[in-house]
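What follows is one structure encoded as structure tokens, with my remarks underneath.
The values are calculated or read from the model by the stated rules, or taken from the named source; none is laboratory data. Note that the structure is a prediction, hence the values are computed from the model and not measured. Positions of Cβ are generated from backbone atoms using ideal geometry, with glycine treated the same way; all protein chains shown enter the neighbour counts.
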Amino acid sequence: MSKNKKTESATEKKLVVCISGLAGTGKSTLAKKLAKKYHLNYYSGGDALKALAAEEGYDASSRGWWESPDGLRFLEKREKDLKFDKAVDDKLLEYARQGNVFLDSWTMPWLLKTGFKIWLTASVEKRAERIARRDRFTVKEALEVLKEKEARTKAIYKKLYGFTLGEDFEPFDLVLDTDNLSADEVFQVLCMVLDKLVLNNQSL
């Protein structure tokens with residue numbers, strides 16, 4: 001099958017692909033690019049949470065908002081009331097049932113019974129370097145905020161669903177270390193995997 005035919009067949013098979021990974025692994029940028037290549041609808045749990053934050057009066061539009069003091073205040077609100085995360089996950093599950101979707105989510109790999117699930121990993125030092133460069137923090141600042149935010153976010157999902165984000169890899173079909181790969185190299189690897197393992201697998 002040619003590459004073009006493979007790409008076209010993605011939407012014919014009602015595919016569900018889910019990508020996950022902690023901040024700084026590049027998952028959101030890659031998810032958007034892959035969704036476009038394979039003509040799949042892209043939905044982001046992070047974007048949905050930002051929309052809920054906006055409804056609560058937060059300005060979540062700035063770069064690096066999740067790591068900002070305002071973003072951490074919304075995280076505190078989420079810790080106190082799990083309805084925000086639950087509402088986002090219910091909506092993503094609804095999209096998944098429709099098929100032809102590429103989901104960028106921390107929770108969907110555990111909640112979905114079908115689909116192809118990818119986890120991107122990188123050392124916390126490398127992730128802090130990337131976030132510092134992206135959001136104009138110092139590496140030290142990025143590292144401190146990452147550790148705090150991730151510990152608190154993990155606690156939310158542990159309480160809601162019982163899994164440990166970043167430690168439990170049982171749901172994943174592919175775990176890819178991005179430490180020493182460029183964004184383009186990760187994209188090429190994932191395209192190869194999707195072409196070989198997903199588009200040729202009629203059961204997904």
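Are any residues in segment 50-84 hydroxyl-bearing (Ser, Thr, Tyr) and more than 21 Å from residue 24 (Cα to Cα), and if so, which ones?
The answer is 58, and nothing else.
Restricting to segment 75-109, give me the number of residues that are closer than 30 Å to residue 40 by Cα and in a helix (DSSP H, G or I).
Qualifying residue count, segment 75-109: 20.
For residues in segment 36-60 being under 20 Å from residue 108 (Cβ atoms) and small (Gly, Ala, Ser), which is surrounded by the fewest Cβ atoms within 10 Å (Cβ to Cβ)?
Restricting to residues being under 20 Å from residue 108 (Cβ atoms) and small (Gly, Ala, Ser), the top hit is 51.
So which residues in segment 81-124 are closer than 13 Å to residue 171 by Cβ, out of contact with any strand residue (DSSP E or B) (no Cβ under 7 Å at 6 or more places or on another chain) and not β-branched (Val, Ile, Thr), if there are any at all?
Residues satisfying the conditions are 110, 111, 113.
Looking only at residues that are buried (at least 16 other Cβ atoms within 10 Å of the Cβ) and of a type in the set (Ser, Thr, Tyr) in segment 104-133, which one is farthest from residue 90 (Cα to Cα)?
Filtering segment 104-133 for residues that are buried (at least 16 other Cβ atoms within 10 Å of the Cβ) and of a type in the set (Ser, Thr, Tyr), the one farthest from residue 90 (Cα to Cα) comes out as 121.
Report every pair of residues separated by at least 6 positions or lying on different chains whose Cβ atoms are under 8 Å apart, first residue within segment 176-192 and closer than 13 Å to residue 29 by Cα and touching a residue at least 60 places away in the same chain (Cβ under 8 Å), second of a type in the set (D, E, K, R) and not in a loop (DSSP other than H, G, I, E, B).
Correct list of pairs: 187/33.
Can you work out which of the residues in segment 77-97 that are of a type outside the set (A, V, I, L, M, F, W, C) and without any contact (Cβ under 8 Å) to a residue 40 or more places away in the chain is farthest from residue 137 (Cα to Cα)?
Selected residue: 97.
For segment 105-131, how many residues meet the condition of being of a type in the set (Gly, Ala, Ser) and closer than 16 Å to residue 87 by Cα?
Qualifying residue count, segment 105-131: 1.
Within segment 61-70, restricting attention to residues that are without any contact (Cβ under 8 Å) to a residue 24 or more places away in the chain and surrounded by 13 or more Cβ atoms within 10 Å (Cβ to Cβ), which residue is farthest from residue 136 (Cα to Cα)?
Restricting to residues being without any contact (Cβ under 8 Å) to a residue 24 or more places away in the chain and surrounded by 13 or more Cβ atoms within 10 Å (Cβ to Cβ), the top hit is 70.
Got at least one residue in segment 183-199 being touching a Lys or Arg at 6+ places or on another chain (Cβ under 6 Å), surrounded by 13 or more Cβ atoms within 10 Å (Cβ to Cβ) and charged (D, E, K, R)?
yes
Every residue, every condition in (1) modelled with pLDDT of 90 or more; (2) of a type in the set (Asp, Glu); (3) touching a Pro at 6+ places or on another chain (Cβ under 7 Å); (4) not in a helix (DSSP H, G or I), yes or no:
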position	(1), (2), (3), (4)
118	yes, no, no, yes
172	yes, no, yes, yes
185	yes, yes, no, no
204	no, no, no, yes
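Mind listing just one residue for me: the one in segment 122-166 that is touching a residue at least 12 places away in the same chain (Cβ under 8 Å) and in a loop (DSSP other than H, G, I, E, B) and, of those, nearest to residue 196 (Cα to Cα)?
122
Mind checking whether some residue in segment 174-181 is in a helix (DSSP H, G or I) and closer than 19 Å to residue 21 by Cα?
No: zero hits.
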